[in-house]
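Below you'll find the structure, written out as structure tokens, and then a few comments.
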Amino acid sequence: MPGSNDPPARLYDRTFVIAVLSQTGFVLGNTLMVHYARWIEYLDGGIEQVGLIMGFGAVTAVVGRPWLGQLINSLGARNTWAIGYVLFIAGAFLNLLVPDQLLQHNAGLVLYLLRALMTLGAAFVFTSSLTYITNSAPAKRRTEAIGILGVGGFIGMLVGPLLGDWILGSGTARVRGDFISFFLISGGALVIPLLLLALLPNQPGRTTSAGGRRRFFASVRQYFPGTILVVNVAFGLCMTVPFVFLTKYVDDEHLVMENFSIIGVFFWAYAGWGMTVRVTLRRVPDQFGRRRVMLAGMLLMGIGMFFFLPLNAGQPAWIILPALLCGTGHALMFHCMMALTVEPFPDELHGTGSVLALMSLDLGLVAGSPILAMIVAWQESYDALFVTVGSTVLIIGLLYTLTSVPVWRQRAGQKAG
């Protein structure tokens, strides 16, 4: 007989819908931060400072995640989810107190700390929501559940970047009032998602007290998921392109589309098509194999990076092609690699598994942001960035394919038996 803490047989219930709506609202506010590089530039920061500040924020998430896993195990995913919202809102609003020309006066440490606070808040949110959905979904439909939760993220991406471009404009003549509106809207957008969490039951499938006491690294050693973690790192590296460097790239290369926001066009193609792919193929990973679907996504993501190369001021509409390819790659990769990472962990340690999955993704951001910024500064061209990311993803995809074959065959044999 099922226990009282067993996940329900149904997936798309009231709890799931509220969780997705809350996640959608958060991603809207969070993806406004794709324009954070423009704030750094307004404060007289260059491409290298963009990479360092964004990379430092990711470092904070990596360092904090092991403790976050234990916090989820003890407080419950819903409560840590709410804490993440509060941290992000505080970080966004505190940017309003930053004076002009901050970096010019060598006082940029404040900006590093504020970006770290927002990134830590996002780490709380994404880890908690992933754990919550993993624990509440039927075991055989967890990959689908993670994927549909991500659809809420795609919906937020449709609105957030475009809204940010509308607030800040496509030109470079921005004033402080533009950024005041930007941070007020970014933080304020999270109020309703925070209130929605009050309608959720606290952490279905909540971890046991024994599970909560396990040390993070001891649990990771015991249930280590293997080379899938390198795939997560590659995905994090890919995310530096749209979420760290894209707005800076567009401004520096003077990419403008007449009557359209080029950032908005990119994310409408990236997220709109990605959402369509995710919903349409939501059952495919469980039917044909998460590994196969994920590798197809890696291939498309890697190829998509090379499609940025022909983009120039004379052909700004070309940005739609890499957006479609990378959006498809994102739609196929993310939920599959998250499910493959969490799968080896027992139910009571799903918080730890979720932390490890996102922690490895953050490593791609940590290493990628400053290194890619230095490559751009050294080559005086963004082409080197796209070639580096695309080549790295394709190489890691090939290596994972080769190293995971024995494990994949063993699991396939166990299922068949």
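Among the protein heavy atoms of the range 208-294, carbon and sulfur supply 60% of the accessible surface, probe 1.4 Å, non-protein parts ignored. At the residue level, W268 shows approximately 140 square angstrom of accessible surface with a 1.4 angstrom probe and all protein chains present. Computed with a 1.4 Å probe over protein heavy atoms only, the accessible surface of the range 28-132 comes to 32 Å² per residue.
Taking only the C-alpha atoms of the range 46-125, the Rg (one decimal) and the largest Cα-Cα distance, Dmax (whole number), read 14.0, 44 Å.
Taking trypsin sites (Lys or Arg not before Pro) as exposed when their DSSP state is a loop state and no more than 12 other Cβ atoms lie within 10 Å, the longest site-free interval of the chain runs over 11-214.
Other residues lying with their Cβ under 13 Å from the Cβ of T247 contribute a combined charge of -2, Lys and Arg counting +1, Asp and Glu -1. Other residues whose C-beta falls under 15 angstrom from the C-beta of A317 contribute a net charge of -2, scoring Lys and Arg +1 and Asp and Glu -1.
Only helices enter this figure: runs of n ≥ 4 DSSP H residues, each worth -39500 (n - 2.57), summed and divided by the residues of the chain, yield -24500 deg cm²/dmol at 222 nm to the nearest 500.
Over all projection directions, the Cα-based convex hull of the range 242-318 averages an area of 5.9 nm². With the Kirkwood sum run over all distinct C-alpha pairs, the chain has a hydrodynamic radius of 21.4 Å. For the range 225-324, the per residue solvent-accessible surface stands at 39 Å², with DNA, RNA and ligands left out and a 1.4 Å probe. With contacts taken as Cα pairs under 8 Å and at least 6 residues apart, the chain reaches a relative contact order of 27 percent.
Relative contact order, whole percent, for the range 250-329 stands at 45, derived from Cα pairs under 8 Å and 6 or more residues apart. Each listed q (0.14, 0.15, 0.16, 0.20 Å⁻¹) maps to a log10 I(q)/I(0) for the range 279-417 from the Debye sum over equal C-alpha point scatterers, namely -0.78, -0.88, -0.97, -1.32.
The values are calculated or read from the model by the stated rules, or taken from the named source; none is laboratory data. Bear in mind the structure is a predicted one, so any value in this text is a computation, not a measurement. Methodologically, a virtual Cβ is constructed for each residue, glycine included, from the backbone with ideal geometry; neighbour enumeration extends over all protein chains shown. Each accessible area value is taken on the protein alone, full model and side chains, heavy atoms only, with ligands, DNA and RNA left out. Shrake-Rupley method; radii C 1.70, N 1.55, O 1.52, S 1.80 Å.
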